[in-house]
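The values are calculated or read from the model by the stated rules, or taken from the named source; none is laboratory data. Treat the numbers as computed from the prediction; the structure is a model and nothing was measured. What goes into the accessible areas is simple: the full protein's heavy atoms, side chains included, and nothing from ligands, DNA or RNA. Shrake-Rupley method; radii C 1.70, N 1.55, O 1.52, S 1.80 Å.
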Amino acid sequence: TESDPMKLAHIALWTRDLDAAAVFWQSFFDATVGAPYRSQRRPGFVSRFAVLPGDAARIELMTGPWLHGPAGDERPGWDHVALSLGSAGAVDALAARCRAGGCLVSAPRTTGDGFYEAVLAMPDGTRIEITA
């Protein structure tokens, strides 16, 4: 029998400031951010889904009081996620918006392995690459 191909359901991201993360994804990527979900099984756990335009990706923004204490198994962020914008012009335009918004880490450039990219940072410092 033939099965459906696998696809990415969502990417999960720990953040210390759920509201600032939601505003970041709305402001710079035009994401639609859902209402907070509060876990009944894990007190203090709260998450919201940020859905990129066209359902390109779903990002689960997650927080909990344990992220404010000593480093443990769960800490803010991922190393990075890369989002393809389709063209160098789109990278340049978003990088300019992010520069004005104070979240551009690295200006657009061609990397040693041939990718045209810029690096942004969310309010808590988590990095996002945008590529052509």
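Between ALA50, ALA121, ALA100, the GNM of the chain built on Cα springs shorter than 10 angstrom shows ALA100 fluctuating the most. Largest GNM mean-square fluctuation across THR15, THR63, THR111, computed for the chain with C-alpha springs under 10 Å, falls on THR111. Computed from Cα positions, the angle between helix 18-29 and the longest principal axis of the chain comes to roughly 20 degrees. Shown for the chain: the carbon plus sulfur share of the solvent-accessible area, taken with all protein chains present and a 1.4 angstrom probe, equals 51%.
Considering all projection directions equally, how large on average is the shadow of the alpha-carbon convex hull of the stretch 40-117, in square nanometres?
On the way: hull surface 31.1 nm².
The Cα convex hull of the stretch 40-117, projected and averaged over all directions, gives 7.8 nm².
Taking every protein chain into account, the accessible area of the stretch 81-132 amounts to 48 square angstrom per residue (probe 1.4 Å). Between amide H atoms placed 1.01 Å from N, distances below 5 Å from ALA31 occur with GLN26, all of them 5 or more places distant or on a separate chain. Working note: Karplus 6.51/-1.76/1.60 with θ = phi - 60° gives the stretch 56-61 the couplings 4, 6, 10, 10, 8, 8 Hz, where Gly and Pro are set to x. Dividing the Cα radius of gyration of the stretch 75-132 by its Kirkwood radius returns 0.96 for Rg/Rh. Equivalent-ellipsoid semi-axes for the chain (Cα gyration tensor, √(5λ), whole Å, largest first): 26, 20, 14.
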